[in-house]
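Visitor: Structure incoming, see below.
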Amino acid sequence: MYTDSISTTNWQGVIGLEIHSQSLVNSKLFSAAGTRFGAPVNSQVSHFDSSLPGTLPVINRGCVEAAVVAALALNCHINMVSKFDRKHYFYADLPAGYQITQHRQPIAVNGYLKYTSLQSAKGNQRPVKKMAKILQIQLEQDSGKSLHDDELRRSLIDLNRAGVGLMEIVTAPDFSTGTEAAAFIKELLLILQTIKVCDGKMSGLLFIYLASLST
């Protein structure tokens, strides 16, 4: 018998995080084009970023070094062999039709981060030490940006962010509340800022996190 009055008293949240951090470098992951936030539209686009035929990627050493430093700070195992994969997306602002990312052999795996979260008990909050596992750290490209004009009924494309190097940090589903996840993110951001691999400005799309939830 169907009922919409299901009790959730004994439910517990299961939360995993994907955190995208822009590497603190002056050029993109596979090209020498700049990464300055707020630059004029389509002023930081190389031939490779716009996917012109015959162009080839050249890895940005600074992005690799930033990911390795972050991996060491997060107690990860660094893979001696790391490979890139194609992930196909059909976005107007992704000129190649696919994203260059890492999945099978990322730059680092099997890390952890200890953090402190506030836990409510009998009306009071007390700090509790926690630890979350980090499944992997991978490098990948960002996509461009679609600009929609409702009055003229058309969309324009800005490729300034296309190809910007992102470091994606994937956690295990080790959080049961939003408070725990937020405490973890704050600790992670502090570490990334301290080791100078990301400045953490969300307004500039330099630090973005996505949560996967289940109950």
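Visitor: Can you list the residues of segment 100-122 with backbone N under 18 Å from a point 7 Å past the Cα of THR177, pointing along Cα to Cβ?
Guide: Zone members listed by number: 115-122.
Visitor: Given labels modelled 7 Å from the Cα in the Cβ direction, how far is it in nm from ASP199 to HIS103?
Guide: For the pair ASP199/HIS103, the computed spacing is 3.4 nm.
Visitor: Please work out which option in (i) 36, 18, 16; (ii) 34, 23, 17; (iii) 29, 21, 16 gives semi-axes √(5λ) of the Cα gyration tensor in Å calculated from these coordinates, and answer with its label.
Guide: From the options (i) 36, 18, 16; (ii) 34, 23, 17; (iii) 29, 21, 16, the structure gives (ii).
Visitor: Also, I was wondering about something else. I'd like the distance between the alpha-carbon centres of segment 180-194 and segment 48-86, rounded to an integer number of Å.
Guide: 22
Visitor: How much length is gained on full extension from GLU18 to HIS88, taking 0.36 nm per residue of separation minus their Cα-Cα distance?
Guide: Working: separation 70, 0.36 × 70 = 25.20 nm, distance 1.86 nm.
Gain on extension, GLU18 to HIS88, equals 23.3 nm.
Visitor: Nearest 20 debye, what's the magnitude of the dipole of segment 66-132 about its Cα centre given +1 on Lys and Arg Cβ and -1 on Asp and Glu Cβ? Walk me through the numbers on the way to the answer.
Guide: Values: 9 positive and 2 negative charges, 88 e Å.
The calculated dipole for segment 66-132 is roughly 420 debye.
Visitor: Could you name the lysines in cross-link range of LYS114, using Cα to Cα under 30 Å and dropping any fewer than eight places away on the same chain?
Guide: LYS83, LYS122, LYS129, LYS130, LYS133, LYS186, LYS196, LYS201
Visitor: OK, next. For every helix of n ≥ 4 consecutive DSSP H residues, a contribution of -39,500 (n - 2.57) applies; sum these over the chain, divide by its total residues, and give [θ] at 222 nm rounded to the nearest 500 deg cm²/dmol. Could the numbers behind the result be given before it?
Guide: Working: 2 runs with 30 residues, N = 215.
-4500 deg cm²/dmol, from helical runs alone.
Visitor: Would you compute the Debye intensity of segment 114-175 from its alpha-carbon atoms alone, equal scatterers and no solvent, and pass along log10 I(q)/I(0) at q = 0.23, 0.29 Å⁻¹ to two decimals?
Guide: The Cα Debye sum returns log10 ratios of -0.96, -1.10.
Visitor: Right, here's the next one. First measure r as the distance between the Cβ atoms of LYS145 and VAL69, then evaluate 1/(1 + (r/R0)^6) with R0 = 45 Å and state the FRET efficiency to the nearest 0.05. Can you show the working numbers first?
Guide: Numbers: r = 28 Å, r/R0 = 0.63.
Rounded to the nearest 0.05, the efficiency is 0.95.
Visitor: Could you size up the charge dipole of segment 1-139 around its Cα centre, putting +1 on the beta carbon of Lys and Arg and -1 on that of Asp and Glu, and report it in debye to the nearest 20?
Guide: Using only the charged Cβ atoms, the result is roughly 560 debye.
Visitor: Averaged per residue, what accessible area in Å² does the chain show with a 1.4 Å probe, protein chains only? Could you put the intermediate results ahead of the total?
Guide: Numbers: 13010 Å² over 215 residues.
Per-residue value: 60 Å².
Visitor: Still on this structure, I have one more. Return the FRET efficiency for the residue pair VAL58, LYS186: r is the Cβ-Cβ distance, R0 is 25 Å, and the value is rounded to the nearest 0.05. Working shown, then result.
Guide: Details: r = 35 Å, r/R0 = 1.41.
It comes out at approximately 0.10.
Visitor: Return the single residue from GLU168, GLU180, GLU151 with maximal mean-square fluctuation; model: Gaussian network over the chain, springs between Cα atoms under 10 Å.
Guide: Fluctuation is largest for GLU151.
Visitor: Ignoring ligands, DNA and RNA, what percent of the accessible area of the chain is carbon or sulfur (1.4 Å)?
Guide: On the way: 7190 of 13010 Å².
Ligands and nucleic acids excluded, carbon and sulfur give 55 percent.
Visitor: Here's something else I'd like to know. Given a 1.4 Å probe and heavy atoms of the protein chains only, how would you sort TYR91, TYR115, largest accessible area at the top?
Guide: I get TYR91, TYR115, largest accessible area first.
Visitor: Taking only Cα atoms, what is the 0 to 90° angle, nearest 10, from helix 61-73's long axis to the longest principal axis of the chain?
Guide: Approximately 10 degrees, to the nearest ten.
Visitor: So between MET80 and VAL41, what do we pick up on full extension, going 0.36 nm a residue minus the alpha carbon distance? Working shown, then result.
Guide: Working: separation 39, 0.36 × 39 = 14.04 nm, distance 3.83 nm.
Between MET80 and VAL41, full extension yields an extra 10.2 nm.
Visitor: What full-extension length gain, to one decimal in nm, is calculated for GLN119 and ASN26 as 0.36 nm per residue of separation minus the Cα-Cα distance? Display every interim value, and only then the final one.
Guide: Details: separation 93, 0.36 × 93 = 33.48 nm, distance 4.08 nm.
Net length gain for the segment: 29.4 nm.
The values are calculated or read from the model by the stated rules, or taken from the named source; none is laboratory data. Since the structure is predicted, the reported quantities are computational estimates derived from the model, not experimental observations. Neighbour counts run over all protein chains shown; Cβ positions are idealised from the backbone, glycine included. We work out accessible area using only protein heavy atoms, side chains counted, and drop any ligands, DNA or RNA first. Shrake-Rupley method; radii C 1.70, N 1.55, O 1.52, S 1.80 Å.
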